[in-house]
Every structure is written in structure tokens, then in C-alpha cells.
Amino acid sequence: MNLLSASLFAIQIIAAALSSASAAIVWRRRQTPGAIPLALLLLSVTAWNAASGLKSLAPNLAQFSFLAKLEIIGQVCAATLFLIFIFEYTRQDYLLTERRILILWILPLFSIFLAFSNELHHAFWLAAVLEPETGRIVLPQGNLYPIYTAYYYLTRFAGTLLLVLAILRYPATYRMQATYLLAGTIAVWLSDIFFLPYIPRIDSAWQMSLDPISYTISGLIIGWGILRHKLFDLVPIARDMILENLLDGIIVLDSNNRIVDINLPARYLLKIDPQKKIVGDPLDDVLSHLPEVRQNLSSADMPFQDIYIPQPADLTLEIMSKPIFDRQGQVRGKMLTFHDISGRIRSEAAMRQSEENLRIVFENAPFTIAVTTIKEGRILYINPAGLKLFNVDPSQRKDLYAQNFYRDINGRKLLAETLEKTGYADNIEMSMQTANKEPLWIAASARKIVYNGENALLITLIDISERRQTLDELKQSRAQLKNIFENADAGIHLLDPSGSITFSNKRWADMLGYEPEKLIGKNLSDFIFKNDVPYSRHLFESLIAQEVDHYKLELRYNKTDGGFFWGALSSVPIYDDNGEIQSIVNFISDITQKKQTESALRETERRFREILEKVYLFAVMLDTEGKITFCNESLLDATNWSQKEVIGQNWFRFFLSKETTSRSQEYARAIQQGVLVSRHENEIITRENKALLVAWSNILLRDANGNVIGSASVGEDITERHRAQQSEREQRIFAEALYDTAAAITSTLNFEEVLDRILENLDAAVETDSASISLIERGKVRFVRAKGYNKFGTSNEDILNLKFSINSVKNLKEMYQSKQPVCIPDTRAYPGWKEIPISRWIRSYIGAPIVVKDKVVGFINIDSATPGFFNNQQAERLRAFSLQVAISIENTSLYTKSLHELEERKRAQAKLWRANKKLKLQLTEIEALQIKLRDQAIRDALTGLFNRRHLGEILPSTIEKCRKGNLPLSLIMIDIDHFKAVNDAYGHQAGDLILQYLGKLLLEEQAIDTIPCRYGGEEFAVVLPNASVDQAQGYAENLRQEFSQYKLIIGESVIQATTSIGVAALYTHGQNEHAILTAADNALYLAKQYGRNCVKVARQ
């Protein structure tokens, strides 16, 4: 070993010691970002220095090669850890995913593998040789060694570049820390100075590697920065991550109240443009648009204060002011923190409202609610219902104790024990008393609560005094009921579910001829007549199975003397507390005499029916409910019904068409009172829906006891006789009406008077609900007379105001062309019937044309609300009246005069219509102008997109709609990359063309709904209602790609622009418009960090 080798060894061992000491210092701050990789880096440098120093003392080629391999381990680890340290310290470690870190270590691990397996391939080094001139051992580089060298320098260069870019963002506060970091980074490159031209190669002359020495110097500089300037205690890069990602707004002011720094949340909360440069501006100037905030910050220097910003912001901000001191303890400024407490303020208001609502519920509860202390029982609160129940004066509320109202010690004790065991009690019944010592029965429920900071009981009390009184009365009634059972005139006995008798009163035992005690335990079937047992047993089993809730039955019972009697049985179950049948109560009445009477009556009825079958008159028998029990063949032949179809039907609903309910009620009253009308006439309906008029003679049918059991009626068909009388009467009335109308025509020339007389006489000649007369004027029909419409909700004046074309009404057109009457029995079945709201009630119609000189000049019309009311015979009668109207028109000159007046009215109406049309056109133009002005107010003039003002209006309402419908909503923020450079280089006209093209893309129709807005400058925002974050990301990616293909040619220059896009979604990234805008803007900033021309989704 010569002196040079010893010196080199000593230098590198000292360097290794210093590196390990620096690693220990850094390790103590391993919680700081970047500290762990830096500590591992310094340990790698320690191994590197040690291996390099030992290599200078290697006595032979084998040891030299082995130490060179160890040196490679420290070298590649140092280079890789240096890059990882820079990533973590600059807070860009989000780029270092597990996969990327694994890729980063692939080449170092491969280099180590090549070094240790070099003797097999010599691809990393060639064989070690000893230079005879210098006596040095040399390892020539192999073919793969340059790859390792390139990776070594590339990692150093990348780390240095990342750190320099980060340092450029440091504020002045961190200038000293930036200096130490830069010096430490430059030190890594010291060993490479000797590779520059004209610089002596000391490393070659000294036979040592200077790279670990340079890393050691770098570690010493950083270590000194840690000890002297707390390099890892203040991580400058964290300022961007912490300050910008705080939910609270932060503003840093200097001593002159000028803004030194401000984060994005502060800008959003105070409505400051995120792109506006305000650092260095006075706070009062920046907040000129918020006089409330500026005034409070200027007038008070309190550490905390709340400030309300009115609409449209509607925010309440909690502002905290803290002074900022320098190292000498002098105040250099202050930091303002803005915390949005609007939600808390609203929650507090809602909580106060909830408390008030609860108080109202307690105060208005219909039952007693009280709060008492647990030990003393002092009443802390009692509601008005409780004061009323216990008859307590409200002024004495503070001096009340619960024990003063207890009468039942056992109930109070049970309540206390239940509360002690479970913490609650429900529906405990106890006896209490009012303040006047009046007894009460109460159902009490209690819960343990905390009331005004004190352990207490919440008690609800429900007055059950009436229920208890009912229970007492029930017990008394049971005793009375037993007495009634024992002495009842009807037979009563109890059965168990198997049918065995468990109780029998004396009356039932006497019916059978037994003593009551002899019946106990015997089965009821033993006493029932043999033929009646199966059906009786079936009903009993159905009752036990709860398929029926009771049953009634008439059956025969065996007596001890061998005979039997008829009994009417009524059987009802008695249930236990579980809803199961406990026993059956049977009530039996002796109906033997009734059965004998019924048998005699049936024989009498049989003979009566035989007589009725042989007469030619109609004969029918009804029961007390109006159901048909008998109908003879004469009536069935006349109506075409059969016995099977008629028997059992209700007479009034089956055979009568009118006043069915009233006739049925009259019959029920007659049966109840025992008095029936002996003769009457009414219409009955046949199978073919034809009416037969029948004259009836009626009698009541009674049983042996004189009770009414129905009625019998004999009737004669008088339809034809009545029809002939009716026809004769109608002809007489029609002739009289025509005579009166003719007399009116010949006695006056007043056309109006004649029309009135015609309508009056028309009612007498033809039964109708309403009638009208209309005249034709220039192809239009105008009504001149109307009568009878008022009772259907339409005034006669409304009919007179009607006017329409003949061709628009089929029935009028038909009469106009044929000059013949038209009869429409059912307007719903008439295909061309014109239905208007005021005439929907018309179901039957007849119209007759008024013909003058072979020309139809009008119509006379009659209407009915009953379908099928009119027929052709009535149409012919109406024709006669239309002829009289025609005669009146020919005999007077009023027709011409009235026509002239109508023409004048038409011209006036036309003039008014034209004026209205002109006014409507002007109103339409005004409305269009208002829409255009509104659109201009919310549109950006350059791009045609909505402006930022409209975004502020539409985004909150759109979010609210999506919340109510539980629908998604997304928002994207777009920024044109390097847009200022385009404006500076090619002018604002070129920039405007680019903005217009992007606006055109945003306005194109998309597969999803969009609301595109120009946010400001080169920034755009797009609201995507009903779109998930994946759909929004896909839309943004398509937009980015399409825009990047746009080429703008300016002269000989071709301009291409790209966009950076941020995506955020409702619920996932924010709950309101401010939060989602902030999230989308942060995602846009992230896209910028990733190198622009990309789409990024906001972090959750």
C-alpha cells in the first residue's frame, strides 16, 4: 500500500462516515415527504464510498472485480433513490404508482445481475487487466455498460429538472430552503466537471471515483439545511397541495394590508376571478364588490367574526385573523381564514325550528306528557293536557311532585321496578288522583332521558278511566247474563269444541224432557233427529274451523217420550284471548207450531196457484222483499220470459223501467204498514224491451199468525186501448196548435210575434225538451228563436249567439239538399252529429227545413235529452209547423230587414276582428323582441354559447332538479392550452377564430344533453345533466380529440391548438354548485400538470 492509496482510502471512508451520519439525521425526520428515500440514498452512497475506498486497496484482480460489483449496487441504488426523493419532496409522488416504481427498478436490478454474472458473458465489463506502466487495475466497459451509464445520468438529470421546476414556484418565504436544495442538487454533478474539455481528469490520476464523493457533499449540504434551516420541517411544495386543497379560503396579507398569497377556495368564496392576478393589490380594492366583508374587516380587528353575504351568494363566512411574525418576533402581516358556515347556520335554524315543532306537539298533544326527576319525582315539565287531566292550576306548575297524584302504591312500585330493569316501561295501568282527590285510572309509559342536562323520566299518561268503568260494568253484566240464561224462555246451552254439552238452562232441558244436570257431558248429536245430523254436524265443523262466524238452522230434536219437536237453532262462538274458539252458544226456539202452520199455508197456496194458472189475466206473487215467487203462463207468454228466468228476481228491477227505486220503497212501506193499494196502472217491460200497460188489482198475503208474507196481483193488458186514447188526444192537440198558429199568421205581420207563437204551440203539439228556429244568411245558419235550453245549463241567449256554416253540420246539410225533415232517434249513433259543449246533453233530435219558393231559408229544430224519444210521425208534425214559418216569411218584409241588419253586424264584427288581429301581431312582435333581448343577455357574442351569468343561474336549478329526481349530473371545465401565446403571435383575430371553432363544437348536437357556457377568456364550462362521470369523461375525450385536429391557416402559418379538460360529478366530487365548480377546476389544473392536451377526473 503506497501513500496515495492510503490517502484515497481515508478520504472515501470519511465520506462514507459523513454519508451515514447524514442518513441518521434524515431518518429522524422520516415522517416528512422524501425523507425515507433520501436516507436510503445516503446509505447507498455510504456503501458506494466504502466499496470504492476498499477497491483502491485491492491486492489482486479478483478482489478488485468483486468490490467493483459492490460499488455498482451503491451506484445504481443512489441514482434511482435520488429520482424517487425528488418526486416525493416536490409532492409529485402521485405519479409514482406501484407499477411505475417497479419499472423504475427493472434496469438497476438488471445492471446488478449483469455485474455479478459478468464472468459468464463479459457484456458488462471485459476482463480486468493490470496496466504495466501505471500498475493500475482496469475494468474495460462491455457492450451493455453504456445502457447502464445512460440510465444513471438520465435519472440524475430528470431529478434535477423536477427540482428546479419546483423551486421556481417557491414563494419568497422559502428562498433559503430553495438555495440549499439547489446547492445540494448541483453538488451531485461536481464529479462530472472533470469530464469537461481542458479540465484535468483527477479521478483517473488518483485512481478513484468522484461520484460517491459528490453525492456525499450533496448529502452534507442537505443535512446542514435540515439542521440549520429546518429544510424538512417546512416543505415548500406542500404549500401548493395544502393551501390549494383546503376547503377553507386563505388570504395572506403584509403589514400594509396588501395581498401576499390567496388560495382558490378564497377566490370562490369571495367571488374573485380565479384567473385575475391580485397579489400585491390592497385588500380593500380587491373586495370592492363585497362592501359587507370589506367594512367588517376594516372596522374590526377581532380574531373571530361572522359575516353574512346576501343574495346572490347567500353565504355566512366565519373569518379568523392570525398575525404572522418574523424570526425577531415582529408582526409582518396576518393570515385571514374564511370558513363557510352557511350549512351550520341553516342546521342551527332547522334545529331551533325542530325544537319549536316538538314543543308545539307536546303542548297540543291530547294526552298527558310530563318530565320528572328520577329520585325526588319533581315535575320539571307537564303539558296543558296534563294540567287539565289532573285539574292543576298552571301557576302551581313549579311546585308539583308526582307522588302527590298516586293512589295505587303497587302500580307505582311496578313502574319503578320495570324502569330499573329495562330502562323503559309501557302501558302500566295504575290508579291515580287529581289535585282535587278525584280518582283516575291511567295507562303510563316512561323512558329515561336527559332534560336540560339532568337525568329525568319522560312519562306519557293516557286516561283509561272510561275503559276501566266499562270493564267493571262488563263484570256486572256477565252476572246478569247468567241470570238471564237460567231464566230465559228460549233453550240455551254451551258446547265444547267436540260438541259435548257443558251447560244447559232449564228451558232447554224441559224441551228435551231431561233434568239439566243429566245433559252435561252428552254430545248434542245424540238429541238431533237422525236425518238432520249430517248437515248440522257439517255447519258445526265449519264454525269450529272458523270458516263461518255463526250459523242458523231449523232442525228436529228427539224427546224422551219418543216424539220430536222443531227448533230454530242460532249458533255463535265464544273466543279466548288467543283468538281460538273456547265454546259454542246455541239458542233454540220451539217452532213446531210455526212449521205446522207453514205446511197448511203451502197447501192453500198450491191450490191458489192452480186457479191462477187457468185464468187469461196476468197473475204474479211477490214476497216481502219484492222477489217473484209465482208467475202464471199468461204473463210469461206476453213478456216472452220463462219461469226459470223470472222466479227469484226482484219484480221492480226486472219488469219495471221507470221509477224502480221509488216503487220498491213504496212496496216496502206497504208491507211494513200492512196496507196495499188495491188498484193501479203501470208499464212492464218484455224481453224485447217493449212496454205493456197493465191495470193491476192487488191483495196482501198473510201467514197463520196474520203476518204479511207477500202480495198477489192480477192484471189486465190495456196497452192497445191506452194507445188509441193517446193517439186521439195527440191529434186533437196538434190540430188545435196548428189552428192557433194559422190564426197568428193571418192576424199579424210581426214576424217576431209569429215565431214566438209557433214555439209556444210546438210544445203542445210535440212533447220536447227544447226547440229553436234558425235562418240562413249567406250560407251561414243563425238562430233567431230558442226555448227550453235554460234547464240544461245553457241560456237561450247562448243558442241565439251560435252561427255556423250549413256544410259543417251534416243534419242541416241533409235537410238543405233534400228539403225533407230529418229524425235522429239517438245522436250518439248518428255518424255526422256535430257535438258542441252547450249541446252535449241532446240525445234525440228532429229538424224540418223552412222552404220558401222552393228554397230552404231556415230550419225549425226540437231536442230531447232521452235517447230514442223522437220518431218519424213527430217529424211529419214538425214539417207542418215549418210550412207555417215559411208562410209567415213570405207574408212579411221583416225577413229582408233582418237580413240587412245581420249584414251590418257582420261588417262591424269583421272590422273588430281585423283590429284584434293587428293588435295580436304587435304583441307577437314585442314578445319576440323580449325573447331576443333575453337571449342576448345570457349569450356570449363571440361564440354564441351561454355566458358565465347564465351558468350561475342554470347550474343551481339543474342540480336541484337532479337531486329531486335522484339523477346524476357532471360538469367539465375546458381551457385552451397556450392561448395567450397564439394571441401574442398571430393577433386576437386568430384567437377569436379558435374560440369560435370551439364554441361551434360545443353547440353541435350530442348524444347526451349539454349546457355549454363560456366561463371567461379561453375557459369554457359544460353542464351535463343526467350524465354520469364516465359519460362526461367520454364526451370530454371526444371533444378534446376533435378540437386537436383543427388547423387554422394564417398566411403561411398553420396553427393547431389543444385543450386541457377537468371533469367533476355531483355527489362524488361536490354537493353544490361551488363545490363541483371547484372540483372541476382542480381537475383542469391536474390536466395542466400532466402536460396539457388531456382529460382528468377530479379526485374524490
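For region 582-597, give me each residue that is over 18 Å from Ile492 (Cα atoms) and either crowded, with 16+ Cβ neighbours inside 10 Å or in contact with a Phe, Trp or Tyr (Cβ under 7 Å, 6 or more places away or on another chain) (or both).
Of region 582-597, the ones over 18 Å from Ile492 (Cα atoms) are 593-597.
Lys594, Lys595 - these are the residues of region 582-597 that are over 18 Å from Ile492 (Cα atoms) and either crowded, with 16+ Cβ neighbours inside 10 Å or in contact with a Phe, Trp or Tyr (Cβ under 7 Å, 6 or more places away or on another chain) (or both).
Condition check ((1) over 16 Å from Ala446 (Cα atoms); (2) crowded, with 16+ Cβ neighbours inside 10 Å) across all residues:
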{"residue": "Ser354", "(1), (2)": "yes, no"}
{"residue": "Asn364", "(1), (2)": "yes, no"}
{"residue": "Leu387", "(1), (2)": "yes, yes"}
{"residue": "Asn404", "(1), (2)": "yes, no"}
{"residue": "Lys413", "(1), (2)": "no, no"}
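Condition first: surrounded by fewer than 19 Cβ atoms within 10 Å (Cβ to Cβ), over 23 Å from Phe869 (Cα atoms) and among the basic types (Lys, Arg). Now tell me which residues in region 780-818 satisfy that.
Answer for region 780-818, where residues must be surrounded by fewer than 19 Cβ atoms within 10 Å (Cβ to Cβ), over 23 Å from Phe869 (Cα atoms) and among the basic types (Lys, Arg): Lys780, Lys803.
Would you confirm, using the coordinates I've provided, whether Phe405 is in contact with a helix residue (DSSP H, G or I) (Cβ under 8 Å, 6 or more places away or on another chain) and farther than 19 Å from Ile449 by Cβ?
Numbers: in contact with a helix residue (DSSP H, G or I) (Cβ under 8 Å, 6 or more places away or on another chain): no; farther than 19 Å from Ile449 by Cβ: yes.
Taking the combined requirement at face value, the residue does not satisfy it.
Outside any helix (DSSP H, G or I) and surrounded by 17 or more Cβ atoms within 10 Å (Cβ to Cβ): does that describe Leu942?
Answer is no for this residue.
Just to be sure before I move on: is Ser957 outside any helix (DSSP H, G or I) and under 27 Å from Asn1082 (Cα atoms) in the structure I sent?
Working: outside any helix (DSSP H, G or I): no; under 27 Å from Asn1082 (Cα atoms): yes.
No; evaluated as a whole, the condition is false for this residue.
Among residues belonging to region 1059-1092 that are of a type in the set (Gly, Ala, Ser) and not in a helix (DSSP H, G or I), point out the one that is farthest from Gln1045 (Cα to Cα).
Only one residue tops the list, namely Gly1070.
Go through (1) surrounded by 13 or more Cβ atoms within 10 Å (Cβ to Cβ); (2) under 16 Å from Asn1093 (Cβ atoms) for Gln1056 and report which single condition fails.
Here Gln1056 meets the rest and fails (1).
For (1) closer than 28 Å to Lys271 by Cβ; (2) modelled with pLDDT under 90; (3) buried (at least 20 other Cβ atoms within 10 Å of the Cβ); (4) among the acidic types (Asp, Glu), each residue gets a yes or a no:
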residue: Phe946; (1), (2), (3), (4): yes, no, yes, no
residue: Thr958; (1), (2), (3), (4): yes, no, yes, no
residue: Asn966; (1), (2), (3), (4): no, no, no, no
residue: Leu969; (1), (2), (3), (4): yes, no, yes, no
residue: Ile976; (1), (2), (3), (4): yes, no, yes, no
residue: Gly999; (1), (2), (3), (4): yes, no, no, no
residue: Ala1007; (1), (2), (3), (4): no, yes, no, no
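Report the residue count in region 45-66 for those that are of a type in the set (A, V, I, L, M, F, W, C), touching a strand residue (DSSP E or B) at 6+ places or on another chain (Cβ under 9 Å) and assigned to a helix (DSSP H, G or I). Walk me through it before giving the result.
As a first pass, look at region 45-66 and keep what is of a type in the set (A, V, I, L, M, F, W, C): 45, 47-48, 50-51, 54, 57-58, 61-62, 64, 66.
Among the residues that remain, those that are also touching a strand residue (DSSP E or B) at 6+ places or on another chain (Cβ under 9 Å) are: 58, 61, 64.
Next, from what is left, pick out any that are assigned to a helix (DSSP H, G or I): 61, 64.
Result for region 45-66: 2.
Only residues that are assigned to a strand (DSSP E or B) and loosely packed, with under 15 Cβ neighbours inside 10 Å: list them for region 681-699, please. Even if it seems obvious, please write down each step before you answer.
Restricting attention to region 681-699, the residues satisfying the condition of being assigned to a strand (DSSP E or B) are 681-685, 691-699.
If the condition is that a residue be assigned to a strand (DSSP E or B) and loosely packed, with under 15 Cβ neighbours inside 10 Å, then Glu681, Ala691, Ser697, Ile699 are the ones that fit.
Can you name every residue in region 639-679 that is in a strand (DSSP E or B) and exposed (fewer than 15 other Cβ atoms within 10 Å of the Cβ)? Break it down into steps so the answer makes sense when it comes.
The initial filter retains those residues of region 639-679 that are in a strand (DSSP E or B), namely 650, 679.
Scanning region 639-679 gives a single hit, Arg679.
Among the residues of region 1019-1030, are any among the β-branched types (Val, Ile, Thr), outside any helix (DSSP H, G or I) and assigned by TED's automatic domain parsing to the domain that holds Pro968?
Of the residues in region 1019-1030, the ones among the β-branched types (Val, Ile, Thr) are 1022-1023, 1029.
If we keep only those that are outside any helix (DSSP H, G or I) as well, we get 1022-1023.
Next, only the ones that are assigned by TED's automatic domain parsing to the domain that holds Pro968 stay: 1022-1023.
For region 1019-1030, residues among the β-branched types (Val, Ile, Thr), outside any helix (DSSP H, G or I) and assigned by TED's automatic domain parsing to the domain that holds Pro968: present.
Answer yes or no: is there a residue in region 87-103 that is touching a strand residue (DSSP E or B) at 6+ places or on another chain (Cβ under 7 Å), crowded, with 18+ Cβ neighbours inside 10 Å and farther than 17 Å from Phe157 by Cβ. First the steps, then the outcome.
Just the residues of region 87-103 that are touching a strand residue (DSSP E or B) at 6+ places or on another chain (Cβ under 7 Å), to begin with: none.
Scanning region 87-103, I find no residue that is touching a strand residue (DSSP E or B) at 6+ places or on another chain (Cβ under 7 Å), crowded, with 18+ Cβ neighbours inside 10 Å and farther than 17 Å from Phe157 by Cβ, so the answer is no.
Got a sec? Which helices (runs of 4 or more DSSP H) wholly within region 331-448 have at least 1 residues that are in the same structural domain as Ile319 (by TED's automatic domain parsing) and touching a residue at least 40 places away in the same chain (Cβ under 8 Å)? Reasoning before the result, please.
On the way: elements: 342-364, 384-389, 409-422.
In region 331-448, no matching helices (runs of 4 or more DSSP H) lie anywhere.
Which of the numbered conditions does Trp913 fail, given that it passes all the others? Conditions: (1) under 27 Å from Ile1008 (Cβ atoms); (2) assigned to a helix (DSSP H, G or I); (3) at pLDDT 80 or above.
Going through (1) under 27 Å from Ile1008 (Cβ atoms); (2) assigned to a helix (DSSP H, G or I); (3) at pLDDT 80 or above one by one, Trp913 breaks only (1).
Quick check: anything in region 47-59 under 22 Å from Thr160 (Cβ atoms) and in the same structural domain as Ile137 (by TED's automatic domain parsing)?
yes
Have a look at Thr418, Thr434 and point out the one that is in contact with a helix residue (DSSP H, G or I) (Cβ under 9 Å, 6 or more places away or on another chain) and of a type in the set (S, T, N, Q).
Thr434
Residues that are within 25 Å of Leu154 (Cα to Cα), aliphatic (A, V, I, L, M), surrounded by fewer than 17 Cβ atoms within 10 Å (Cβ to Cβ) and touching a Gly at 6+ places or on another chain (Cβ under 8 Å): does region 65-86 have at least one?
Within region 65-86, the first condition is being within 25 Å of Leu154 (Cα to Cα), and the residues that meet it are 67-86.
So of that shortlist, the ones also aliphatic (A, V, I, L, M) come out as 67-68, 70, 72-73, 76, 78-79, 81, 83-84, 86.
Narrowing further to those that are surrounded by fewer than 17 Cβ atoms within 10 Å (Cβ to Cβ): none.
Within region 65-86, none of the residues are within 25 Å of Leu154 (Cα to Cα), aliphatic (A, V, I, L, M), surrounded by fewer than 17 Cβ atoms within 10 Å (Cβ to Cβ) and touching a Gly at 6+ places or on another chain (Cβ under 8 Å).
In a helix (DSSP H, G or I) and aliphatic (A, V, I, L, M) - does that describe any residue in region 121-141? First the steps, then the outcome.
Taking region 121-141 first, the residues in a helix (DSSP H, G or I) are 121.
Going one step further and asking which of them are aliphatic (A, V, I, L, M), we end up with none.
For region 121-141, residues in a helix (DSSP H, G or I) and aliphatic (A, V, I, L, M): absent.
How many residues are among the hydrophobic types (A, V, I, L, M, F, W, C) and in contact with a helix residue (DSSP H, G or I) (Cβ under 8 Å, 6 or more places away or on another chain) when one looks only at region 908-960?
We begin by selecting, within region 908-960, every residue among the hydrophobic types (A, V, I, L, M, F, W, C); these are 908, 910, 912-913, 915, 919, 921, 923, 926, 928-929, 931, 933, 937-938, 941-942, 945-946, 951, 954-955, 959.
Keeping just the survivors that are in contact with a helix residue (DSSP H, G or I) (Cβ under 8 Å, 6 or more places away or on another chain) gives 937-938, 942, 945-946, 955, 959.
Number satisfying all stated conditions: 7.
If you go through region 1004-1018 one residue at a time, how many are part of a strand (DSSP E or B) and not aliphatic (A, V, I, L, M)?
The first filter runs over region 1004-1018 and keeps only residues part of a strand (DSSP E or B), leaving 1011-1016.
With not aliphatic (A, V, I, L, M) added as a condition, the list becomes 1012-1016.
Adding up the residues that qualify gives 5.
Can you tell me which residue among Tyr1035, Tyr1015, Tyr997, Tyr1067 is farther than 17 Å from Thr958 by Cβ and of a type in the set (Phe, Trp, Tyr)?
On the way: Tyr1035 fails: farther than 17 Å from Thr958 by Cβ; Tyr1015 fails: farther than 17 Å from Thr958 by Cβ; Tyr1067 fails: farther than 17 Å from Thr958 by Cβ.
Tyr997 is the lone residue from the list that is farther than 17 Å from Thr958 by Cβ and of a type in the set (Phe, Trp, Tyr).
Condition first: assigned by TED's automatic domain parsing to the domain that holds Gln817, at pLDDT below 75 and either of a type in the set (Asp, Glu) or loosely packed, with under 12 Cβ neighbours inside 10 Å (or both). Can you find one or more residues in region 755-764 that meet it?
Among the residues of region 755-764, at least one is assigned by TED's automatic domain parsing to the domain that holds Gln817, at pLDDT below 75 and either of a type in the set (Asp, Glu) or loosely packed, with under 12 Cβ neighbours inside 10 Å (or both), which makes the answer yes.
Restricting to strands (runs of 3 or more DSSP E) lying wholly in region 502-606: which have 3 or more residues that are over 30 Å from Gly710 (Cβ atoms)? Reasoning before the result, please.
Values: elements: 551-558, 564-575, 581-590.
The qualifying strands (runs of 3 or more DSSP E) are 564-575, 581-590.
A quick yes/no check of all residues on (1) acidic (Asp, Glu); (2) in contact with a strand residue (DSSP E or B) (Cβ under 7 Å, 6 or more places away or on another chain); (3) assigned to a loop (DSSP other than H, G, I, E, B); (4) outside the structural domain of Leu1084 (by TED's automatic domain parsing):
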position	(1), (2), (3), (4)
Lys271	no, no, yes, yes
Pro274	no, no, yes, yes
Ile278	no, yes, yes, yes
Asp285	yes, no, no, yes
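The values are calculated or read from the model by the stated rules, or taken from the named source; none is laboratory data. No experiment lies behind these values; they were computed from the predicted model shown. Counting neighbours? That spans all protein chains shown, and the Cβs are built from the backbone with ideal geometry, glycine included.
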